[in-house]
Amino acid sequence: MEKLDYLKDLGIDGVWLSPIYPSPLADFTYDISNFRDIDPLFGSLEIFDDFVARAKELGIRVIMDYVPGYTSDQHEWFTKSVQKIDPYTDYYTWDDGKLDDDGNRLPPNGWQSIFGGAAWTFSEERKQWFFHQFTPKQPDLNWGNSELVEDMKLNDVMRFWLDKGIDGFRVDAVPVLFEGPLDNNDTLAPQNLPETYNAVKIMRTVADEKTEEYGETKVLMLEAYASVDQEMAYYGTSESPGGHFPFNFLFISDLNGTSTATDFSNVLNNYLEHISQADNRIPNWVSGSIDCSKININVAMIRGEGMHFLSLLLPGVAVTYNGEEIGMEDTMISWKECLDPQGLNAGPDNYLQYTRDIERTPIQWDDTKNAGFSDGNTTWLPVNSNYDELNVEIQNSAEKSHIKVYKNLIQLRKEATFKDGATEIAAITDNVLAFTRTLENHDTYVIVVNVGDETENINLKDTFSYLPDELTIAAVSVFSEHDIGMVHDTTSFEIQPNEAFNIVAVSLTPTSRLTESQLYP
C-alpha cells in the first residue's frame, strides 16, 4: 500500500502480485495451503481490501496470481484425498504404480519433475503414488476429475477474489494442467495438451461472468511457455474465447545476447503475423520474469533500456518485472544462501545454472539499510551490494536515469499512435533494429535499437521511404549521446553502443503518412 503512489507515478495501468496466499513456503508461495486467505507474512484480508480500494482510487488495476495446477501437500483437499474422503479422493493424480521382479514398488513411469528428480512420490498412508510437476510438496490437481471441475472448487476461488474487486488473474503454469496417459515414456510429462485449452476456456467463462456482473473486464493472463502456434491456440476464438492473452516470452526464449537485428526482426514479425490472423488476439511483451535470470537476456541491452523501448512501444500489453524500471541486476547468491528448490536440487556445483533466487532479490528503494526494503536484520534473499548506487531514490533525483527513461516511454505509449497505430519492423543493418508506428492524422514514430557493440551510421529512409528528411528525438536511453528535441537527418543517423545501447525514438510531423498496406494494425 505504501508503494502504490510510486506505481502511480511510474504511469503503469496495473500491478500483478505473485501469490500472497497462506503457504508453507516449500516453493516460495507457489505451494498454496489455502486459496482464499492472505498469509500473515504479507498482511490480512482486511488489509488486502484496503489495498484494492486504494489502487482503484489511483486507477491501478490489481491482478492476482492464480495457481490452478497444484496445491501444497498441507492443503485440506490433499489431506482428505490421502484419506480417500469423497469428493476429494481423486482431486489429485494418483496411481498404484508397478512392482518389480522382487516385489518392490515402482512409480507408473519415469517422468521427471521440472525441478529435477522423480515426478512421483509414494504415500505410505494411501499406498499409492501421487504426481507432482514441481516439488513433492506441490501435488498436482487432477483437472480430469469431473467433480473438481463441475463443483468448480477452483472457480469458486476465482469468484471469491473477483468479488473482492480484483481485475483478473495471471494463471500460473498453464501448459502442465494435464499430463496425459501414464504410458508415455518421455522424460517429462507432455505439455500443452488439448484438454488444457478447454480448461482455460472454463476459467474464461468465470471471468466473463464477472465481467458482465461488474461492467468491467476481468482479464486472464496466461503463463504459457509454448511455440507460437500453441500460444495462439490459448486465445481461443471469438465464439469460444480462451485467455485474453498468453504471455509472450519470445524475448526470453528466442533471443539472447548474441541475437542480431535480423534475429529480432524475424522473431517480432513472425509473432505479430500470427497475432494479426484473428481479431481477438492481443499482443504482449515480457522482457523479464521471476523465473529468468537477466544473464539469459542481453544484459547490456537491459541497462540501455533497449527492451523497454521494444516492450513499451510495440503494440499491445507491456509486462515489466519489478526492478527493471531502474535497471536492477542479478544478485549473486552463494550456495548457503540458495533457497530455490530448483537450485537446491541441482547441488552446490550447478545451482547457479538453475536457481531463480538471483532475479528475485528485494527491489532497491534507497541507500538505507536493506535498500529500504525492510528494517529487519536480514531479508529472505540478500539485497544486491550495488543498492547504494542503484536505487529508486537516486534515480528519481538524477537528471538522467533508467526510471526517467521508463516514465517517458510510458507517457509516449499513451499517445494515439502507440495505442492504435500500425507497425512496421525491419533490420536496418546486422546490428540495428528499427520499427515505425503510424496512424492517420497523428504523429509518426520510428524507434531505433542498436543491439551490437559498434557505432552505426544508418539511413532510415532507405527502409522507410515514407519518412520525412528530418527527425526530432522524442526519447533516448540513459547513456545516449543524443538529447530529446534534437533534429537529425533521416538519411544519415548515427547510433552508438556506448556500453549500454543507444535507442532513439523520433517524432515526425504529421505531413508524411504510410500510404501502402499497413502492417499489424
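The values are calculated or read from the model by the stated rules, or taken from the named source; none is laboratory data. Keep in mind that what you see is a predicted model, and the values were worked out from it rather than measured. Glycine gets a Cβ as well: all are built from the backbone with ideal geometry, and neighbour counts include every protein chain shown. Keep in mind that these areas ignore ligands, DNA and RNA; they rest on the heavy atoms of the full protein, side chains included. Shrake-Rupley method; radii C 1.70, N 1.55, O 1.52, S 1.80 Å.
Which pairs have Cβ atoms under 8 Å, sit 6 or more apart or on different chains, and link a residue in the range 305-329 that is closer than 18 Å to Lys400 by Cβ and open to solvent by less than 10 Å² (accessible area, probe 1.4 Å) to one that is among the basic types (Lys, Arg) and not in a loop (DSSP other than H, G, I, E, B)?
Listed pairs, sorted by first residue: Gly327/Arg303.
Hey, among the residues in the range 53-86 that are of a type in the set (Val, Ile, Thr) and open to solvent by less than 50 Å² (accessible area, probe 1.4 Å), which one's nearest to Asn198 (Cα to Cα)? Steps first, please.
Let us first name the residues in the range 53-86 that are of a type in the set (Val, Ile, Thr), namely 60, 62-63, 67, 71, 79, 82, 85.
If we keep only those that are open to solvent by less than 50 Å² (accessible area, probe 1.4 Å) too, we end up with 60, 62-63, 67, 71, 82.
Working: Ile60: 30, Val62: 26, Ile63: 22, Val67: 16, Thr71: 21, Val82: 27 Å.
Only one residue tops the list, namely Val67.
May I ask you to say which residue of Ile60, Ile47, Ile85 is touching a Leu at 6+ places or on another chain (Cβ under 7 Å) and over 26 Å from Tyr354 (Cα atoms)? Working first, answer last.
Numbers: Ile47 fails: touching a Leu at 6+ places or on another chain (Cβ under 7 Å); Ile85 fails: touching a Leu at 6+ places or on another chain (Cβ under 7 Å).
From the options Ile60, Ile47, Ile85, the qualifying one is Ile60.
Are there any pairs, at least 6 apart or on different chains, whose C-beta atoms fall under 6 Å, with the first in the range 431-444 and open to solvent by less than 10 Å² (accessible area, probe 1.4 Å) and the second assigned to a loop (DSSP other than H, G, I, E, B) and modelled with pLDDT under 90, and if so, which?
Every condition considered, the pairs that remain are Thr438/Leu514.
Quickly run through the range 263-291 and pick out the residues that are part of a helix (DSSP H, G or I), touching a residue at least 40 places away in the same chain (Cβ under 8 Å) and open to solvent by less than 60 Å² (accessible area, probe 1.4 Å).
Passing the criteria: Phe264, Ser265, Leu268, Asn269, Tyr271, Leu272, His274, Ile275.
Under the condition of being of a type in the set (A, V, I, L, M) and either under 18 Å from Pro181 (Cβ atoms) or part of a strand (DSSP E or B) (or both), which residue from the range 96-123 is most open to solvent (accessible area, probe 1.4 Å)? Don't jump to the end; show me each part of the working.
At the first step, the residues of the range 96-123 found to be of a type in the set (A, V, I, L, M) are 99, 106, 114, 118-119.
Pick out the ones that are also either under 18 Å from Pro181 (Cβ atoms) or part of a strand (DSSP E or B) (or both) and you get 99, 106, 118-119.
Values: Leu99: 117, Leu106: 71, Ala118: 56, Ala119: 0 Å².
For the range 96-123, the residue satisfying everything is Leu99.
For the range 367-424, enumerate the residues that are closer than 30 Å to Asp462 by Cβ, of a type outside the set (D, E, K, R) and part of a helix (DSSP H, G or I).
Step one: list which residues in the range 367-424 are closer than 30 Å to Asp462 by Cβ, which gives 405, 408-409, 412-413, 415-424.
Those still in the list that are of a type outside the set (D, E, K, R) too: 405, 408-409, 412, 416-418, 421-423.
Listed by number, the residues that qualify are Val405, Asn408, Leu409, Leu412, Ala416, Thr417, Phe418.
I'd like to check something: does the range 171-191 contain any residue that is open to solvent by 30 Å² or more (accessible area, probe 1.4 Å) and assigned to a helix (DSSP H, G or I)?
Scanning the range 171-191 turns up no residue that is open to solvent by 30 Å² or more (accessible area, probe 1.4 Å) and assigned to a helix (DSSP H, G or I).
Find all pairs meeting these conditions: Cβ atoms under 6 angstrom apart; at least six residues apart or on different chains; first residue within the range 103-124 and over 13 Å from Leu188 (Cβ atoms) and without any contact (Cβ under 8 Å) to a residue 12 or more places away in the chain; second residue surrounded by 14 or more Cβ atoms within 10 Å (Cβ to Cβ) and of a type outside the set (Phe, Trp, Tyr).
Matching pairs, first to second residue: Leu106/Gly97.
Give just the number: which of (1) more than 30 Å from Ile47 (Cα to Cα); (2) surrounded by fewer than 21 Cβ atoms within 10 Å (Cβ to Cβ) does Thr196 not satisfy?
(2)
Tell me, yes or no, whether the range 236-254 has at least one residue that is without any contact (Cβ under 8 Å) to a residue 24 or more places away in the chain, open to solvent by 30 Å² or more (accessible area, probe 1.4 Å), under 20 Å from the mean Cα position of the chain (by Cα) and at negative phi.
So far as the range 236-254 goes, yes, one or more of its residues are without any contact (Cβ under 8 Å) to a residue 24 or more places away in the chain, open to solvent by 30 Å² or more (accessible area, probe 1.4 Å), under 20 Å from the mean Cα position of the chain (by Cα) and at negative phi.
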